[in-house]
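A.B. asks: Below are the structure tokens for one structure; questions will follow.
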Amino acid sequence: MFDWVTTNYPEVNVLVNNAGIQQRFNVLKADAKNNWSYFSKEITANIEAPFQLSMLFAPFFATKKEAIIINVTSGLAFTPFPIAPIYSATKAALHSFTMSLRHQLSDTSVEVIEVAPPAVIQL
């Protein structure tokens, strides 16, 4: 994807990492032995994808006059939701990564922004 985007849209200067899977479960009832792939998808979407995309685009963006990486975390990064332990932990990890990324890119043209939406209630 990185190669396709930078080849077809070399002027791109914004990355928005806004992926998220939230699975609600109780660890005492979860079948992690036989169903780990179910839980692994949440980790891949919430951590691996934004980490990898940020790491791919950061050096490319650092050559630009202006660029922005936006990582969407969650209020649950700061106050975990007991029935969504993996989601809460992955958003906390993305929060920490975002802070480190911001520090590492502070001497470049790349601005690093974290958006941490609060809880959303579905009616």
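The values are calculated or read from the model by the stated rules, or taken from the named source; none is laboratory data. These numbers were taken from a predicted model, which means no experiment stands behind them. In this analysis, Cβ positions are derived from the backbone assuming ideal geometry, glycine residues included, and neighbour counts consider all displayed protein chains. Please note that ligands, DNA and RNA were not included when accessible areas were found on the heavy atoms of the full protein model with its side chains. Shrake-Rupley method; radii C 1.70, N 1.55, O 1.52, S 1.80 Å.
A.B. asks: With the Cα gyration tensor of the chain giving a ≥ b ≥ c as the square roots of its eigenvalues, does the rule (a/c under 1.5 for rounded; else a/b larger than b/c for prolate; else oblate) give rounded, prolate or oblate?
C.D. replies: Since a/c reaches 1.5 and a/b is larger than b/c, the shape of the chain is classed as prolate.
A.B. asks: Any chance you could check the Cα centroid distance between the stretch 45-92 and the stretch 1-23 for me, in angstrom?
C.D. replies: With the stretch 45-92 and the stretch 1-23 each reduced to a Cα centre, they are spaced 12 Å.
A.B. asks: Counting only protein chains, not ligands or nucleic acids, how are S100, S88 ordered by accessible area (probe 1.4 Å), most first?
C.D. replies: Listed by decreasing accessible area, they come as S100, S88.
A.B. asks: Which of rounded, prolate, oblate describes the stretch 82-123, given a ≥ b ≥ c as roots of the alpha-carbon gyration tensor eigenvalues and a/c under 1.5 marking rounded, otherwise prolate only if a/b is larger than b/c?
C.D. replies: Numbers: a/c = 5.85, a/b = 2.11, b/c = 2.78.
It comes out oblate by the Cα gyration axes.
A.B. asks: For the stretch 27-102, which GluC sites (Glu not before Pro) pass both filters: DSSP loop (anything but H, G, I, E, B) and at most 11 other C-beta atoms within 10 Å? Don't jump to the answer; show the numbers that get you there.
C.D. replies: Values: sites: E42, E48, E66; in loops: E66.
For GluC sites (Glu not before Pro) across the stretch 27-102 that sit outside H, G, I, E and B with at most 11 neighbouring Cβ atoms in 10 Å, the list reads E66.
A.B. asks: Which ³J(HN,Hα) values in Hz, rounded to whole numbers, follow from the phi angles of the stretch 54-70 under the Karplus curve 6.51 cos²θ - 1.76 cosθ + 1.60, where θ = phi - 60° and Gly and Pro get x?
C.D. replies: Karplus-based 3J(HN,Hα) across the stretch 54-70 equals 4, 5, 6, 7, 4, x, 5, 5, 5, 8, 8, 5, 9, 7, 9, 10, 10 Hz.
A.B. asks: A further question on this structure: Leaving ligands and nucleic acids out of the surface, order T108, T6, T63 by accessible area at 1.4 Å, largest first.
C.D. replies: From most accessible down to least: T63, T108, T6.
A.B. asks: Give the long-range amide H neighbours of V115: residues separated by 5 or more places, or on another chain, with amide H under 5 Å away, using H modelled in the peptide plane at 1.01 Å from N.
C.D. replies: Those qualifying (amide H under 5 Å, at least 5 residues apart or on another chain) are N71, V72, T73.
A.B. asks: Taking θ as phi - 60°, what are the ³J(HN,Hα) couplings along the stretch 37-44 by the Karplus curve (6.51, -1.76, 1.60), each to the nearest whole Hz, with x for Gly and Pro?
C.D. replies: 4, 4, 7, 4, 4, 5, 5, 4
A.B. asks: Show me, for the stretch 96-101, the HN-Hα J-couplings you get by feeding each phi into the Karplus relation (A = 6.51, B = -1.76, C = 1.60, θ = phi - 60°), rounded to Hz, glycine and proline as x.
C.D. replies: Once θ is set to phi - 60°, the couplings for the stretch 96-101 become 4, 4, 4, 4, 5, 4 Hz.
A.B. asks: How are the C-alpha pair distances of the stretch 1-53 spread across 10 Å bins, as whole percents from the shortest bin up?
C.D. replies: 21, 36, 24, 13, 6
A.B. asks: Measure off, as a whole percent, the carbon and sulfur share of the 1.4 Å-probe accessible area of the stretch 1-50, all protein chains present.
C.D. replies: 55 percent
A.B. asks: Still on this structure, I have one more. Once the dipole of the stretch 1-79 is set up with Lys and Arg at +1 and Asp and Glu at -1 on Cβ about the Cα centre, which of T79, I68, Q52 lies farthest towards its positive end?
C.D. replies: T79
A.B. asks: Please work out how much accessible surface D107 shows to a 1.4 Å probe, ignoring ligands, DNA and RNA, in Å² rounded to 10.
C.D. replies: Ignoring ligands and nucleic acids, D107 comes out at about 150 Å².
A.B. asks: Looking at the square roots a ≥ b ≥ c of the eigenvalues of the Cα gyration tensor of the stretch 26-74, which shape do they give, rounded for a/c under 1.5, prolate if a/b is larger than b/c, or oblate?
C.D. replies: The shape class here is prolate.
A.B. asks: Keeping all protein chains in place, calculate the accessible area per residue for the stretch 30-123 (probe 1.4 angstrom), answer in Å².
C.D. replies: Details: 5620 Å² over 94 residues.
Here the per-residue accessible area is 60 Å².
A.B. asks: Let me check against my output: what whole-number percent is the relative contact order of the chain, with C-alpha pairs under 8 Å and at least 6 apart?
C.D. replies: 30 percent
A.B. asks: Given the options A77, A30, A93, which has the most mean-square fluctuation in a GNM of the chain, springs set between C-alpha atoms less than 10 angstrom apart?
C.D. replies: Looking only at A77, A30, A93, the biggest GNM fluctuation is shown by A30.
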